[in-house]
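Presented below is the structure to which this report refers.
The values are calculated or read from the model by the stated rules, or taken from the named source; none is laboratory data. Keep in mind that what you see is a predicted model, and the values were worked out from it rather than measured. In this analysis, Cβ positions are derived from the backbone assuming ideal geometry, glycine residues included, and neighbour counts consider all displayed protein chains.
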Amino acid sequence: MMMDVEAKSGAQRITLRLPNSVSSTLKKEAEKRDLPLNALITKILFKNVSFDMQINALPAVTMSDFLFSRIMDKIDDVDLEEIAREGPDAIKKLFAIQGISYGLKEIIENHFVMMGKYCGWYSFSNDVKNEKYRLVFETQLGTKWTKFLVMYVTNILESLNIRIDEKSVHRNVLVFNFTKRLYE
């Protein structure tokens, strides 16, 4: 299969040669998702490049949700809290490797969004109005993971000298509200 990408609105025309088996698989998947083939390929390429550059810059492990949840269930709360405290340092190291500043905007765009989108840690949304932030995380990885996530996000925000105005957890949904203040 050969594929061209038009040079419109920031896009470039390229030609790819794909084995017939790959082409056939991509066409079937595009039909199943009701997407144009070009959109599917772009989505796959973007996901893989983003993952490799922004998440897998440090060694990472991928496993099934079931096994991960079972491991989390076996960790006691003290260990969970200790691991969550290491979150900011791990992100700082990752950002240093990538040349990214360690700031709120960067954490939201390059960590919270990416981990939700490509690692399946949670679904993430955020809203900012007049320096008032609302971060929402929804996870399906179990109660222990939810507990860890609360501590993890709290530690990250506090490492940025952010005082959380309101933090709520309802089952598997976490909401953090805060105002970015001038002293931060």
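Among the residues that make up segment 30-46, is at least one of them part of a helix (DSSP H, G or I), at pLDDT 80 or above and within 20 Å of Leu141 (Cβ to Cβ)? No, there is no match, as no residue in segment 30-46 is part of a helix (DSSP H, G or I), at pLDDT 80 or above and within 20 Å of Leu141 (Cβ to Cβ).
Residue-wise test of (1) within 27 Å of Arg70 (Cβ to Cβ); (2) among the hydrophobic types (A, V, I, L, M, F, W, C); (3) modelled with pLDDT under 95.
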| site | (1), (2), (3) |
| --- | --- |
| His111 | yes, no, yes |
| Met114 | yes, yes, yes |
| Glu131 | no, no, yes |
| Phe137 | yes, yes, no |
| Thr143 | yes, no, yes |
| Met151 | yes, yes, no |
| Asn155 | yes, no, no |
| Thr179 | no, no, yes |
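Residue count for segment 143-184, restricted to those that are in contact with a Phe, Trp or Tyr (Cβ under 8 Å, 6 or more places away or on another chain) and charged (D, E, K, R): 5. The lone criterion from (1) modelled with pLDDT of 90 or more; (2) in a helix (DSSP H, G or I); (3) of a type in the set (S, T, N, Q) left unmet by Gln54 is number (1). Within the set Asn110, Asn126, the sole residue that is touching a Leu at 6+ places or on another chain (Cβ under 6 Å) and of a type outside the set (Ser, Thr, Tyr) turns out to be Asn126.
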